[in-house]
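Inspection log for the structure reproduced underneath, given as C-alpha cells.
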Amino acid sequence: MVYASYQLWLDYQPNYDEYGDEIEQIVIGSVVDVDQNVKRKKGDSLLWDPLKPGDAVYNQDSIRTGLNSATELKLNDSSSISLEENSLVVLDSNDQAFNIDFKTGEFKTNSVSKNLQIKVKDSVLSAKQAQINIKTRSDQDTEIQVTKGTASLQGAGGQQISLDTQKAAKIDKLGRAEALKVKVILSSPENRTEVLNPLSQMRYPFTWAALSSDLKREIFQISTRPDFPEGPETKQKWAHQATEEIIQRGDNFWRVGWYSLDPKTKKQKIEFSPTRKISLLNDERVQLLFPENASTFTQSPGNTEIDFRWRSKNSAKLFVFEISNRADFRQIIINQRTNQTEYKVKDLDSGIYYWRVSAYGNANKAIGQSKVNKVIVEKIIPRGPELIYPRNNFVWSMPESLRFEWQKYPTANYYQWTISSDRYLKKIVKSMKLKALAYDWRWLTAGEYYWRVKAFNAQGTLVAESETHLLNIDQKQSSAAIALIDPKDQSEVVVENLDPLPAISFQWQPKEALSPNYEVYVSKTSAFTSAVKFESKELTRIKAQLKEEGVYFWKVRWVNPENPKDIKESVPFSFRLSKNKNLPAPELLEPDYDTELELYRDEEVSFKWQEISSAKSYRFILKRKIGENTYKTIVDRNTKEPSTKKANLVPGDYIWFVHAIDASGIQGLKAEERGLKVIRDKGLAPPVLNPVIIK
C-alpha cells in the first residue's frame with residue numbers, strides 16, 4: 001500500500017536523472033485520430049492516461065488500444081502508425097533509428113524514413129519507405145505483409161529475409177521466421193472504412209488482387225464477427241478479384257481465402273488474407289418530415305398538390321429532391337435542386353412512389369442522404385359525362401357518319417372525345433377537343449371500337465371521365481334492318497363436350513325502333529330448308545340448344561304484329577358448332593374464392609390447381625382490374641407444374657384462371673375464373689442507395 005502510494009506520487013512528479021537534473025521529455029510525434037478506448041503510459045509510470053487527437057507522443061511511451069478501439073499516430077519524420085483493437089506498442093527513438101517494440105495486436109505503418117525498426121517476437125523488421133501490416137498474438141503465429149515498398153526481417157536465429165509486395169513472412173510461436181509467397185492483397189474497401197447510409201443493410205463492392213497466376217477463383221468471406229464462425233453470421237462464396245455483397249448495420253469483417261499445397265502434408269490447405277473491417281452507420285443527417293412513410297393521398301380534381309418537407313442537421317448549401325416509381329431509383333420522375341427544405345409536387349398519376357433527399361455542402365460535397373419513404377397516390381376521378389348515343393355494344397352498319405352524343409357535365413369547360421381500336425384506348429383512331437356535346441364521326445374501316453369522353457375545367461384540369469362503350473361497325477349488314485351480333489359470321493362456337501350439347505346464345509340489334517316480335521331461324525343449309533324456328537317476344541337475344549356439331553346458318557326476322565305483311569329481316573350469318581375435345585378445365589385449389597391478402601411488396605403469392613394427368617403443361621393467366629368490368633393481363637405464362645408464384649402484387653382486385661395444354665400444344669377448356677383481392681401493401685425490401693464513405 002505504501003509502495004503503491006509512493007509510485008502514484010512519482011507519476012505526478014518531474015523525472016530526474018542520477019545527478020538530480022530534470023529529464024526532458026522528447027516529443028517524437030502526435031496523435032492524429034482516436035476511436036474509443038486508447039491510452040498511453042509514460043516511461044516507467046504505472047498510470048494509463050486516455051489519449052485524444054492532438055496529444056503529443058513522447059519517447060518511451062507505451063500505447064494500447066481496447067476492444068473495438070483504434071488509433072493513428074504521426075511521427076516527426078511524417079511516418080504514420082495505426083493500431084487496431086487490443087494492440088500494444090512501446091516507442092523508442094535514438095540517434096540511429098526509430099524503434100517500435102510491438103507486443104501484441106494488429107499494427108500498420110507507412111514509413112517515410114529509411115531507419116524505422118520494429119521489434120516483434122525477438123525478430124527485428126526494418127522498413128525502407130514501406131507500408132507494412134503486422135498481426136501478432138502471444139499464442140499465435142505472427143503475420144507480416146508488405147503492401148508497398150520493401151523491408152527486411154532479421155529472425156531470432158540470425159537469418160535474413162527480404163520482403164516486398166509478393167513476399168511475406170511468418171514468425172511461429174517459437175520465434176522461428178520463414179518467408180511466404182503473397183498470393184492475395186486486399187484492395188478496397190480500406191480497413192476500418194465507415195459507410196453512412198440510412199438503410200439497415202446495403203450492397204457494397206469488394207476488390208482484391210490475386211498475385212498468383214494459378215489462382216482462378218478465391219473464397220470471399222464476410223461476417224458480423226471477427227472470428228468468422230460457421231452459421232448465419234458468416235457468408236461465403238467463390239469469386240475472383242471482385243464481388244458485391246450485403247453489409248449489415250454495425251461492424252462487418254471481410255477477408256479472402258485460397259487453397260494451397262501444404263509442403264509438409266502434401267495436402268490442400270486453406271489460407272486467408274488479413275481481415276478488414278467495414279462499418280455501416282446510420283445516416284441521420286437528413287431526416288424526412290412529411291409525408292410519413294407509406295402515406296396515401298386520395299386526390300380529386302383540383303386537389304393534387306403534395307408538400308414534401310425535410311430537415312438537415314448540417315448547414316447544407318443545396319438539396320437534391322428525387323421521386324421515382326421504383327424503389328431502386330433506376331427511373332427518376334422528379335429530380336429537383338433546391339436550397340429550401342420543402343418541395344411541392346402536383347399532378348402525380350395514381351401509383352406508388354418513392355422519395356429521398358440528398359444534402360450537399362461547400363464545393364458540392366455530399367454531406368448526407370435521407371432514407372427512402374414511400375407515398376401512394378390514388379386519383380378519384382368522378383364518373384361522367386353520361387354517354388347517350390350510341391349505347392354500349394351498339395352495331396352500326398350504315399355507310400354514313402355516326403353521331404356520338406353525351407350529357408353536359410356541370411363543371412366542364414370542354415370535352416375530349418376519343419375512339420380507339422383497343423379496349424384500353426391505347427390505339428387511338430381519333431381524338432377531338434370539343435365544346436359541343438356531340439361529334440359526327442365518319443368511319444373508314446369496319447371492326448370493333450371503344451369510345452369515351454373526358455371533361456376538363458377552364459384550367460385544363462380533368463374533372464370527370466365517362467365509362468367506355470363498345471361499338472361494332474359491320475359493313476356487311478349495312479342494308480339490313482336488323483344487325484346480327486353473335487354468333488359472328490363464319491365464326492366457330494365451341495361448347496363443352498356434353499350430351500346433349502349446351503345451349504348457345506344468339507343476339508341481334510334492330511337499326512330502328514321495333515316492337516319485340518322476333519323469329520330466329522337456324523338451319524344446316526344456306527337455303528334454310530328444315531330450319532328450326534325460335535321466337536322472342538320481349539328481348540333481342542335468346543339461348544337455343546342445337547342437336548349436333550356442324551355448320552349452321554342463322555337469321556332474324558321481325559313481323560309487325562299489326563300488319564303481318566310488314567316484315568324486316570337480317571342478312572344470314574354462318575357459324576360452326578364444335579365440341580371441345582381438348583383437355584378438361586383444371587380445378588383451381590388456392591387461393592380460395594375471393595381471398596383477401598395483405599402483402600409485402602416483394603412477397604410471392606402461390607397459385608395452385610388440380611393436376612391433369614394427360615397435360616403436358618398449363619397456361620396461367622392473372623388479370624388486374626383497371627376499370628369497371630375492365631381487366632388488364634399482367635401474367636400470361638406456361639408452366640409444367642400445377643402451380644406458380646407471382647410477386648409484387650399491388651393493392652387491387654384480380655381474377656385468375658388456368659388452361660391445361662396437351663402434348664400437341666392444344667389448349668384445353670378454361671377453368672372457372674376466381675377472384676383475389678390485395679387489400680394492403682405492407683412495404684418493400686430495402687433499396688440500394690449510393691453510400692457516403694468516410695475513410
For the residues LEU75, LEU281, what sequence is obtained by ranking on other C-beta atoms within 10 Å, fewest first?
LEU281, LEU75
Hey, what's the Cα Rg ratio for segment 474-532 versus the globular rule of thumb, 2.2 N^0.38 Å?
1.33
Would you please state the base-10 log of I(q)/I(0) at q = 0.08, 0.11, 0.14 1/Å for segment 67-218, with intensities from the Debye formula using one equal scatterer on every alpha carbon?
-0.25, -0.46, -0.73
Antiparallel versus total DSSP beta bridges in segment 588-681: what percent is that, nearest 5?
85
Compactness check, segment 141-189: C-alpha Rg relative to the 2.2 N^0.38 Å globular estimate gives 1.16
For segment 631-640, Karplus-derived ³J(HN,Hα) couplings (6.51, -1.76, 1.60; θ = phi - 60°; whole Hz; x for glycine and proline) come out as 10, 10, 6, 10, 9, 9, 9, 9, 9, 7
Provide Rg over Rh for segment 355-486; use the alpha carbon set for both Rg and the Kirkwood Rh (inverse mean inverse pair distance).
1.26
If each DSSP helix of 4+ residues adds -39,500 (n - 2.57) and the sum is divided by the residues in the chain, what number results at 222 nm, nearest 500 deg cm²/dmol?
-500 deg cm²/dmol
Most exposed to least, judged by fewest other Cβ atoms within 10 Å, GLU496, GLU143 sort to GLU496, GLU143
Using the Karplus curve 6.51 cos²θ - 1.76 cosθ + 1.60 with θ = phi - 60°, what ³J(HN,Hα) values do you get for each residue of segment 616-624, in whole Hz, with x for Gly and Pro?
7, 7, 9, 10, 9, 10, 10, 10, 10
Based on the alpha-carbon gyration tensor of segment 186-282 and its eigenvalue square roots a ≥ b ≥ c, which shape applies: rounded if a/c is under 1.5, prolate if not and a/b is larger than b/c, or oblate?
prolate
At R0 = 45 Å the Cβ-Cβ FRET efficiency linking GLU596 and SER515, nearest 0.05, sits at 0.40
What trypsin sites (Lys or Arg not before Pro) in segment 35-92 are in a loop by DSSP, with at most 11 other Cβ atoms within 10 Å of the Cβ?
none
Stretch GLU400-PHE272 to full length: gain in nm at 0.36 nm per residue minus the Cα-Cα span?
37.6 nm
For the chain, report the translational diffusion coefficient in µm²/s to the nearest whole number, using Stokes-Einstein at 20 °C, 1.002 mPa s, and a Kirkwood Rh over Cα pairs.
63
Can you compute 3J(HN,Hα) from phi for each residue in segment 647-655, using the Karplus curve 6.51 cos²θ - 1.76 cosθ + 1.60 with θ = phi - 60°, rounded to whole Hz and x for Gly and Pro?
10, 6, 7, 7, x, x, 9, 9, 10
Label segment 286-379 by shape, choosing from rounded, prolate and oblate, from the square roots a ≥ b ≥ c of the eigenvalues of the Cα gyration tensor; if a/c is under 1.5 it is rounded, and otherwise prolate applies when a/b is larger than b/c, oblate when it is not.
prolate
Mind listing the Cα extents of segment 482-579 along all three principal axes, in Å, largest one first?
43, 25, 20
Would any residue of segment 109-140 have its amide N under 20 Å from a label point 7 Å out along Cα→Cβ of SER260? List them or say none.
131-137, 140
Report, please, the projected area of segment 214-271 averaged over directions, based on the convex hull of its C-alpha atoms, in nm².
4.8
So how much slack lies between GLN241 and LYS170, counting 0.36 nm per residue of separation and subtracting their Cα-Cα distance, in nm?
23.2 nm
At 0.36 nm per residue, minus the direct Cα-Cα distance, what do TRP48 and GLU641 gain on full extension? Give it in nm, one decimal, please.
206.4 nm
Please report the projected area of segment 588-681's Cα convex hull averaged over all directions, in nm².
5.8
Have a look at the DSSP beta bridges in the chain and tell me what percent are antiparallel, nearest 5.
90
For the pair LYS565 and GLU190, how long in nm is the line joining their label points, each one 7 Å along Cα→Cβ?
10.9
Scan segment 346-450 for chymotrypsin sites (Phe, Trp or Tyr not before Pro) in coil per DSSP, keeping those whose Cβ has at most 15 other Cβ atoms within 10 Å, and list them by number.
TYR424
Which loop trypsin sites (Lys or Arg not before Pro) in segment 128-178, with loop taken from DSSP, have no more than 13 other Cβ atoms within 10 angstrom of their Cβ?
ARG137, LYS173
FRET efficiency for SER613 and ILE655, Cβ-Cβ distance as r, R0 = 22 Å, nearest 0.05?
0.25
Using DSSP, restrict attention to beta bridges with both residues in segment 387-473 and report what percent are antiparallel, rounded to the nearest 5.
90
In Å, the Kirkwood hydrodynamic radius from C-alpha pairs for segment 60-149 sits at 13.0
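Read the figures in this text as sums done on the coordinates, not as results from a lab. Worth saying up front: this structure is predicted, and the values here are computed from it rather than measured. With ideal geometry, Cβ positions are generated from the backbone for all residues, glycine too; neighbour counts draw on all protein chains shown.
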